[in-house]
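First up is the structure itself, then whatever we jot down about it.
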Amino acid sequence: MDKMDKKVLIIDDCDMTRRLLSYIVRANGYKIMSATNGFEALEIMASNQIDLVITDLNMPQMDGLELTKNLRAGEAYQEIPIIMVTTEGGDDNIKTGMAAGVSAYLVKPFSAQKLLYEMSKLI
């Protein structure tokens, strides 16, 4: 299966960030879906095959950490790659994210090349 068949779910409450991430990912051959928080993401994932998740940490209703824990707790999504993209770059934040089950942790601002490199390692 090549990347044209891969679906990436982008979750961020900031419309501009969501659009930027969507542009980068789509321009590199992936299909994308998007959500504004963890609850929306879970609804989308319940009815779509998602190959990789890119999520912000700080979001209303259900943040990226809660979403990651929720996905790792369920059998269906224990292995799905999750990239956390956030402004929270402290060591404690990174350790907490990785302990929750994040596959990669990127601190904003980051380069498109860095995101695509992490994606290529994971899917």
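The values are calculated or read from the model by the stated rules, or taken from the named source; none is laboratory data. Keep in mind the model is a prediction, meaning the values are calculated, not measured. Here the Cβ is made from the backbone with ideal geometry for all residues, glycine too, and neighbour counts use every protein chain on show. Remember, those area values only see protein heavy atoms, side chains included, never the ligands or the DNA or RNA. Shrake-Rupley method; radii C 1.70, N 1.55, O 1.52, S 1.80 Å.
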Out of the residues in region 9-40 that are open to solvent by 30 Å² or more (accessible area, probe 1.4 Å) and among the acidic types (D, E), state the one that is farthest from E75 (Cα to Cα). D15
Working carefully through the options E43, E79, E75, find the one that is open to solvent by 20 Å² or more (accessible area, probe 1.4 Å), under 19 Å from K121 (Cβ atoms) and without any contact (Cβ under 8 Å) to a residue 12 or more places away in the chain. E79
Just to be sure before I move on: is T68 farther than 23 Å from M4 by Cβ and buried (at least 16 other Cβ atoms within 10 Å of the Cβ) in the structure I sent? yes
Take A99 and decide whether it is open to solvent by 70 Å² or more (accessible area, probe 1.4 Å) and under 21 Å from I32 (Cβ atoms). no
Residue, surrounded by the fewest Cβ atoms within 10 Å (Cβ to Cβ), within region 46-65, restricted to residues that are touching a residue at least 40 places away in the same chain (Cβ under 8 Å) and within 15 Å of A104 (Cβ to Cβ): D51
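Yes/no per residue for (1) small (G, A, S); (2) closer than 23 Å to L20 by Cα:
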residue	(1), (2)
A46	yes, no
P60	no, yes
E88	no, yes
D92	no, no
M98	no, no
M119	no, yes
